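A short write-up of the structure that comes next.
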Amino acid sequence: KIFGYRVVSGLAERPWKVADARLVLEDGSIWRAKSFGASGTRVGEVVFNTSLTGYQEILTDPSYAGQFVLMTNPHIGNTGVNFDDDESRQCFLAGLVIRSLSITTSNWRCVETLGDYLAERNVMGIYDVDTRAITRRLRQDGSLIGVLSTEQSRSDDELLEMSRSWDIVGIDLISGVTCNAPYEWVDETKSEWDFNSDGRDRDTYRVIAYDFGIKHNILRRLASYGCKITVVPSTWPAAETLKLKPDGVLFSNGPGDPSAVPYAVETVKEILGKVPVFGICMGHQLLGQALGGKTFKMKFGHHGGNHPVRNLRNGRVEISAQNHNYAVDPASLPEGVEVTHVNLNDGSCAGLAYPALSIMSLQYHPEASPGPHDSDCVKLISSYSF
């Protein structure tokens, strides 16, 4: 006996989960963790997200395709999952990295645990890993390619080689997240999520939305301001769009490198000047390229719901939701293009306007799902401009 308890030899399992997964980064570091969700081996770019809430919206944001999302908020899973908060038809991210996985859920809207939700969608997750240390490394060295694995048969050296032989730069990730055919957006915005009081009483505007990885809440917010929306695939010809005689065109958010999708840039070029346009995130970057500017890969990007942005036209500061690893170089833009918004953390370009061609774009997400609603007025301005 030990401390009054009988020791039984040959116990098959410990009463707690042990480390059964590894995150191997391209810098050679190995992080041992516990797995949840799916099992197997995945490769992706590791980025950190500073949002305090909204992990389900983050999981279903197509802009995270090809990436492992590390949440800096240490406690994840306590609200479970509900199917109303999905931002797209599936989870596109490569995996989820968190510090502490909640052992229970405590939200009246919960219908499923986070672990079950990820397992059903074949998404890997790990927990009990030092997310603060990994975040410091990403801030110092920049975003890193990593490999998540629960397969004990794979050696550390094999996983390290996988991380060093894969790259996300120059890869067309949009083609894997866009819709297959045009469709009409018909879902109404529920009253509890509708911040607009008079949009439905105005005339209906016909909007064509290019799906580069569009989020449902972008469509809901536009619909609440009186827009009738047709969503089209990323390869939809500009000529077909113009035949529909829209009041405006939206170029949506999306994953990856804007330089890897020259076909999308050409589509934007063919539409500019013929109809008012509005771009969000990837759409903003594509507009920058179509106007003759250049984009570049940031050190570790912006991912979170707490980024301060200054509106240079009125001096107002907004707390914004952001998710991107690329930015537009304002010095490369031609004369006449106005930088309207600046990220106050690093001074990067967060918004553009070209009144002569009825162009407006934002690097961040005005619909903010998840995130604050400081920028919701942009939806109103854009819908009126249509």
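Structure above, values below:
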quantity	calculated
Chymotrypsin sites (Phe, Trp or Tyr not before Pro) restricted to DSSP loop in the range 105-134 with at most 12 other C-beta within 10 Å	Trp108
In range of the label at Leu52: residues from the range 306-334 whose backbone nitrogen is under 20 Å from the point 7 Å along Cα→Cβ	306-309, 317-323
Given charges at Cβ of Lys, Arg, Asp, Glu: the range 91-232 dipole, positive-most of Pro182, Tyr225, Ile171	Tyr225
Size of charge dipole - the range 45-120 - debye, nearest 20, with Cβ of Lys, Arg +1 and Asp, Glu -1, no other charges	260 debye
Spin-label model distance (nm) - Leu312 vs Arg154, 7 Å beyond Cα toward Cβ	4.5 nm
The range 278-349-the range 123-174 distance, computed between alpha-carbon centres (Å)	27 Å
Selection of trypsin sites (Lys or Arg not before Pro), the range 60-127, meeting DSSP coil and at most 16 other Cβ within 10 Å	Arg89, Arg109, Arg121
Helix-only [θ]222 nm of the chain, DSSP H runs n ≥ 4, -39500 (n - 2.57) each, per residue, nearest 500	-5500 deg cm²/dmol
Normalised contact order of the range 21-165, rounded percent, pairs of Cα under 8 Å and 6 or more residues apart	38 percent
Within the range 248-334, GluC sites (Glu not before Pro) in DSSP loop having at most 11 other beta-carbon neighbours inside 10 Å	none
Positive-end residue of Pro334, Asn306, Ser191, charge dipole of the range 174-362 with Cβ unit charges	Pro334
Average silhouette area of the range 21-165, convex hull of alpha-carbon atoms, in square nanometres	7.9 nm²
Computed magnitude of the charge dipole of the chain (debye, nearest 20; Cβ of K, R +1, Cβ of D, E -1)	640 debye
Extended-chain gain in nm, criterion 0.36 nm per residue less alpha-carbon gap, Arg132 and Asn180	13.3 nm
Rounded percent of accessible protein surface that carbon and sulfur make up, the chain, 1.4 Å probe	50 percent
Using θ = phi - 60° and Karplus 6.51 cos²θ - 1.76 cosθ + 1.60, couplings along the range 371-376 (whole Hz; Gly, Pro as x)	x, x, 9, 4, 9, 4
Kirkwood estimate for the range 174-362, i.e. one over the average of 1/r between Cα atoms, Å	17.0 Å
By average C-beta atoms within 10 angstrom, highest first, the peptides 336-347, 302-313	302-313, 336-347
Spatially close lysines, pair count over the chain: Cα under 14 Å, gap of eight or more or interchain	5
Test item: Cα-centred dipole of the range 1-150, Lys/Arg +1 and Asp/Glu -1 on Cβ, debye	820 debye
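The values are calculated or read from the model by the stated rules, or taken from the named source; none is laboratory data. Here the structure is a predicted model, which is why all the values come from computation and not from measurement. Ideal geometry is used to build each Cβ from the backbone, glycine not excepted, and the neighbour counts take in all protein chains shown. Just so you know, the surface numbers come from the protein's heavy atoms only, side chains and all, with ligands and any DNA or RNA stripped out. Shrake-Rupley method; radii C 1.70, N 1.55, O 1.52, S 1.80 Å.
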